[in-house]
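Q: Sharing a structure, written as structure tokens. Questions coming.
The values are calculated or read from the model by the stated rules, or taken from the named source; none is laboratory data. Computed from a prediction, not measured in an experiment: that's the story for all the values here. Here the Cβ positions follow ideal geometry from the backbone for every residue, glycine too, while neighbour counts run over all protein chains shown. Ligands, DNA and RNA are stripped out before the accessible areas are found, and what is left, the full protein with its side chains, is counted by its heavy atoms. Shrake-Rupley method; radii C 1.70, N 1.55, O 1.52, S 1.80 Å.
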Amino acid sequence: MLDAAIIGAVLASVVAAATTLLLASLGELVAERAGTLNLGVEGMMIVGAAVGYATAYSSGSLLLGTLAAVLAGVVVSLVFAGLAVWLAANQVASGLATTILGLGVAGLIGSSFVGTRIDAAPALHLPVLTGLPIIGEAVFGQDAFVYASVLLLIAVTYGLARTRVGLVLRAVGENHAAAHALGHPVRKIRTLAIMFGGACAGLAGAHLSLAYTPFWASDMTAGRGWIALALVVFSAWRPLWLLAGAYLFGAVSILQLHVQGFGLGIPSQFLSSLPYLATIGALVVISALKHGQGAPASLGVPFVPDR
Amino acid sequence: MRKILSMAVAAATGFALMGGLPEAKAAEKLKAAWVYIGPVGDFGWTYQHDQGRKAVEKELGDKVETTYVENVPEGPDAERVIEQLARAGNKIIFTTSFGYMEPTLKVAKRHPKVFFEHATGYKRDKNMATYNAKFHEGRYVLGQIAAKMSKTGTVGYIASFPIPEVISGINSLMLGAQSINPDMKIKIVWVNSWFDPAKEADAAKALIDQGADVISQHTDSPAAMQAAEAGGAKAFGQASDMISFGPKAQLTSIVDNWAPYYIKRVKQALDGTWTSTDTWAGMKDGEVVMAPYTNMPDDVKKLAEETQAAITAGTLNPFKGPIYNQKGEMVVKEGEALPDKDILSMNWYVKGIDDKVPGQ
């Protein structure tokens with residue numbers, strides 16, 4: 001029933017499926033560690049997908065498209081930052097508004113590109129390593145987005161835990177009044193963290209529209225931004241658990257399709273809900289075992305500096 | 001960036017003109033409205049309905065004024081949108097998703113002078129008609145092509161939800177395939193969504209990895225076609241002609257062509273001959289159209305064209321007996337055909353499908 005070729009192909013699909021989620025949720029994790037809950041991930045992602053596709057299609061350059069997507073994500077994130085950080089508006093409402101705005105703007109930008117296609121971002125085959133059995137294709141035969149997500153994960157993990165910038169960012173997220181008293185520019189730091197989240201979401205959008213399914217269609221993110229958000233919460237705001245969550249979700253969502261193909265007669269509605277159940281289950285167990293940290297203490301609380 | 005901004009400004013102005021200013025000519029024109037479940041840019045179900053709306057505008061020119069509302073969720077929101085459209089002076093309103101049935105019916109009772117048209121439903125009223133298309137006719141042709149083209153003898157099927165429309169499509173494809181190769185196998189993957197490009201692509205990849213070399217889909221995006229092209233398989237498009245997404249992969253595509261129906265009904269509303277009807281049109285009426293047969297040898301193409309011609313002429317019915325269910329019991333006798341109502345409520349697989357209908 002299963003041979004090495006199928007397992008290799010499944011693994012490669014799992015890595016690709018997990019990458020979109022990992023990219024988007026890493027950015028959101030940084031924003032939340034700085035104390036801002038940005039529910040606009042889906043909106044930033046879809047605008048990234050639209051602008052990235054439009055740019056790549058018009059210019060013929062995937063690199064330009066990717067850069068444009070990142071920039072577009074940042075621009076949309078600034079809408080949220082303006083509302084939630086500088087006007088101290090309710091973060092939940094601001095984030096939802098950002099998502100709704102993003103979906104609309106993306107549909108408008110993409111409308112003239114419906115029905116067109118581009119060539120997918122190429123897999124960066126490493127000559128000998130890709131030929132390795134089972135893991136070759138999955139580890140060494142992926143596109144640049146996959147490797148970018150791994151590099152980003154390392155950078156975020158190291159940056160948050162081991163650098164001064166990370167320390168300040170976490171301080172702002174835990175207690176913005178204290179950080180302010182120490183002279184840290186709370187709102188500027190939060191804005192930068194939100195912009196980083198926007199860039200990551202834009203990159204995730206580009207992964208969808210330039211590599212995964214290289215075309216544009218409205219609403220093509222189909223809720224992945226919300227899954228990314230949920231993963232951040234369930235990972236207890238830790239990058240490595242986020243990695244585990246994203247890959248688990250990706251793995252179960254690919255495997256359930258294969259199980260259906262074998263015709264075992266398990267109801268597909270149940271199989272379709274499995275990725276969610278498995279991820280919730282696993283992450284609940286992880287966070288129960290380690291009585292790790294909860295949410296950043298200032299998460300979602302608007303900050304107004306007293307003068 | 002400047003382009004985007006100017007687009008946004010242009011759009012904002014457009015909205016202001018649409019909603020804000022009274023229109024002088026409005027009284028003379030017939031106002032027609034469409035309610036869509038998805039975005040007009042989905043290149044699938046909603047896209048094709050909107051093509052139909054545009055065809056009405058083109059055909060009837062300044063006699064009509066059309067509007068549409070996209071991304072309307074099924075449920076209370078739909079009722080509010082339909083009510084608003086009725087109050088805004090629309091004379092005929094098309095609601096294009098199954099879940100709009102109850103909301104449309106409710107609003108229709110409140111506005112007896114407005115004509116309502118509900119797609120894919122079964123409840124009607126004096127001023128509420130229903131319409132649908134016999135997509136399963138096209139799927140029978142797909143089945144024959146798949147049986148001819150598949151080297152592994154396995155066709156992959158990406159399905160959305162286990163509702164009669166989808167199940168009858170699977171059965172029709174399988175009956176077509178069995179008419180060529182009685183041992184044809186089918187692998188079915190349900191994605192439980194009408195539109196999720198990445199998931200549809202994953203499903204296509206999974207089916208190809210498992211040995212299906214012809215992929216059929218009952219979901220709306222061209223993602224599966226692209227995945228088939230990348231994976232060296234053949235595939236059938238859905239709703240729109242998807243040849244640009246699979247120049248080497250697409251065999252044909254079942255195209256939903258709502259234009260003839262929409263033009264006919266709006267014309268009837270214009271000249272006062274509109275009556276509440278129940279329309280289930282197919283190839284004969286030009287509502288189910290096959291995209292050009294490509295990437296196949298001439299004899300397969302000839303077979304497909306002959307089958308299409310026979311269905312169009314009414315000499316071939318995909319659900320003509322003898323048809324057996326999975327237990328081997330005869331459901332339709334030799335010489336008889338399954339009545340429309342049984343196709344519209346189908347919840348069982350035909351013999352030869354090695355799987356179970358989900359949830360049963």
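Q: Given the criteria part of a helix (DSSP H, G or I) and open to solvent by 10 Å² or more (accessible area, probe 1.4 Å), does A:I194 qualify?
A: On the way: part of a helix (DSSP H, G or I): yes; open to solvent by 10 Å² or more (accessible area, probe 1.4 Å): no.
Taking the combined requirement at face value, the residue does not satisfy it.
Q: Select from region A:242-267 the residues that are more than 14 Å from chain B (Cβ to nearest Cβ) and open to solvent by 10 Å² or more (accessible area, probe 1.4 Å) and write down the one among them that is farthest from A:I286 (Cα to Cα).
A: A:Y247
Q: Please name all residue pairs, on different chains or six or more residues apart, with Cβ atoms under 6 Å, provided the first residue is in region A:55-69 and is under 18 Å from A:A201 (Cβ atoms) and the second residue is part of a loop (DSSP other than H, G, I, E, B).
A: A:A56/A:I118
Q: Moving on to the next point. Specify which of the listed residues (A:A120, A:A148) is touching a residue at least 12 places away in the same chain (Cβ under 8 Å) and either touching a helix residue (DSSP H, G or I) at 6+ places or on another chain (Cβ under 6 Å) or outside any helix (DSSP H, G or I) (or both). Talk me through it step by step, then tell me what you get.
A: Values: A:A148 fails: either touching a helix residue (DSSP H, G or I) at 6+ places or on another chain (Cβ under 6 Å) or outside any helix (DSSP H, G or I) (or both).
Matching residue, one of A:A120, A:A148: A:A120.
Q: Moving to a separate point now. For region B:59-82, how many residues are surrounded by fewer than 18 Cβ atoms within 10 Å (Cβ to Cβ), touching a residue at least 40 places away in the same chain (Cβ under 8 Å) and closer than 12 Å to B:A33 by Cβ?
A: The qualifying residues number 1.
Q: Pick from B:K106, B:K91, B:K29, B:K134: which is basic (K, R), open to solvent by 10 Å² or more (accessible area, probe 1.4 Å), modelled with pLDDT under 95 and over 18 Å from the mean Cα position of the chain (by Cα)? Break it down into steps so the answer makes sense when it comes.
A: On the way: B:K106 fails: modelled with pLDDT under 95; B:K91 fails: modelled with pLDDT under 95; B:K134 fails: over 18 Å from the mean Cα position of the chain (by Cα).
Residue meeting the stated conditions: B:K29.
Q: Scan region B:176-212 residue by residue and report those that are part of a loop (DSSP other than H, G, I, E, B) and within 13 Å of chain A (Cβ to nearest Cβ). Break it down stepwise before answering.
A: Going through region B:176-212, the residues part of a loop (DSSP other than H, G, I, E, B) turn out to be B:181-184, B:191-196, B:210-212.
B:V191, B:N192, B:S193, B:W194, B:F195, B:D196, B:Q210, B:G211, B:A212, listed by residue number.
Q: Residues that are modelled with pLDDT under 95 and open to solvent by 30 Å² or more (accessible area, probe 1.4 Å): list the strands (runs of 3 or more DSSP E) wholly contained in region B:230-302 that include at least 2 such residues.
A: Numbers: elements: B:234-239, B:250-256, B:278-281, B:288-290.
Passing ranges, in order: B:278-281.
Conditions (1) more than 12 Å from every other protein chain (Cβ to nearest Cβ); (2) in contact with an Asp or Glu (Cβ under 7 Å, 6 or more places away or on another chain); (3) crowded, with 24+ Cβ neighbours inside 10 Å, marked per residue:
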position: A:G205; (1), (2), (3): no, no, yes
position: A:W226; (1), (2), (3): yes, yes, no
position: A:L240; (1), (2), (3): yes, no, no
position: A:P275; (1), (2), (3): no, no, no
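Q: Let me ask something else. Among the residues of region A:248-286, write down those that are free of Cβ contacts under 8 Å to residues at least 24 places away in the same chain and touching a helix residue (DSSP H, G or I) at 6+ places or on another chain (Cβ under 7 Å).
A: Residues satisfying the conditions are A:Q256, A:L257, A:V259, A:Q260, A:G261, A:I266, A:S268, A:L271, A:S272, A:L274.
Q: Yes or no: A:P296 touching a Lys or Arg at 6+ places or on another chain (Cβ under 7 Å) and either away from chain B (no Cβ under 14 Å) or without any contact (Cβ under 8 Å) to a residue 12 or more places away in the chain (or both)?
A: Numbers: touching a Lys or Arg at 6+ places or on another chain (Cβ under 7 Å): yes; either away from chain B (no Cβ under 14 Å) or without any contact (Cβ under 8 Å) to a residue 12 or more places away in the chain (or both): yes.
Here the answer is yes, as A:P296 does meet what is asked.
Q: Step by step: first the residues of region B:150-170, then only those that are part of a strand (DSSP E or B) and buried (at least 24 other Cβ atoms within 10 Å of the Cβ), then the one that is nearest to the other protein chains (Cβ to nearest Cβ). Which residue is that?
A: Restricting attention to region B:150-170, the residues satisfying the condition of being part of a strand (DSSP E or B) are B:154-159.
Then keep just the ones that are buried (at least 24 other Cβ atoms within 10 Å of the Cβ); that gives B:155-158.
Details: B:V155: 12, B:G156: 7, B:Y157: 10, B:I158: 9 Å.
Out of the qualifying residues, it is B:G156.
Q: Same structure again: Is there a residue in region B:38-48 that is assigned to a helix (DSSP H, G or I), away from chain A (no Cβ under 14 Å) and within 22 Å of A:G115 (Cα to Cα)? Working first, answer last.
A: So in region B:38-48, the residues assigned to a helix (DSSP H, G or I) come out as B:40-42, B:45-48.
Pick out the ones that are also away from chain A (no Cβ under 14 Å) and you get none.
No, the conditions are met nowhere in region B:38-48.
Q: Right, something else. List the residue pairs whose Cβ atoms are under 6 Å apart, where the first residue sits in region B:344-360 and is more than 14 Å from chain A (Cβ to nearest Cβ), the second is outside any loop (DSSP other than H, G, I, E, B) and open to solvent by 40 Å² or more (accessible area, probe 1.4 Å), and the two are 6 or more positions apart or on different chains.
A: Hits for this filter: B:L344/B:P164; B:S345/B:P164; B:M346/B:P164; B:K351/B:Y324.
Q: Quick check on this structure: which one of B:W34, B:W45 is open to solvent by 10 Å² or more (accessible area, probe 1.4 Å) and either touching a residue at least 60 places away in the same chain (Cβ under 8 Å) or among the β-branched types (V, I, T) (or both)?
A: B:W45
Q: Among the candidates A:A251, A:A230, A:A204, A:A199, which residue alone is modelled with pLDDT of 90 or more, closer than 27 Å to B:Q360 by Cα and hydrophobic (A, V, I, L, M, F, W, C)? Spell out the reasoning first.
A: Working: A:A230 fails: closer than 27 Å to B:Q360 by Cα; A:A204 fails: closer than 27 Å to B:Q360 by Cα; A:A199 fails: closer than 27 Å to B:Q360 by Cα.
Within the list A:A251, A:A230, A:A204, A:A199, the selection yields A:A251.
Q: Still on this model: Please indicate, with yes or no, whether at least one residue in region A:9-21 is closer than 21 Å to A:S94 by Cβ and surrounded by 24 or more Cβ atoms within 10 Å (Cβ to Cβ). Let's see the steps before the verdict.
A: Going residue by residue through region A:9-21, those that are closer than 21 Å to A:S94 by Cβ are none.
No, that holds for no residue.
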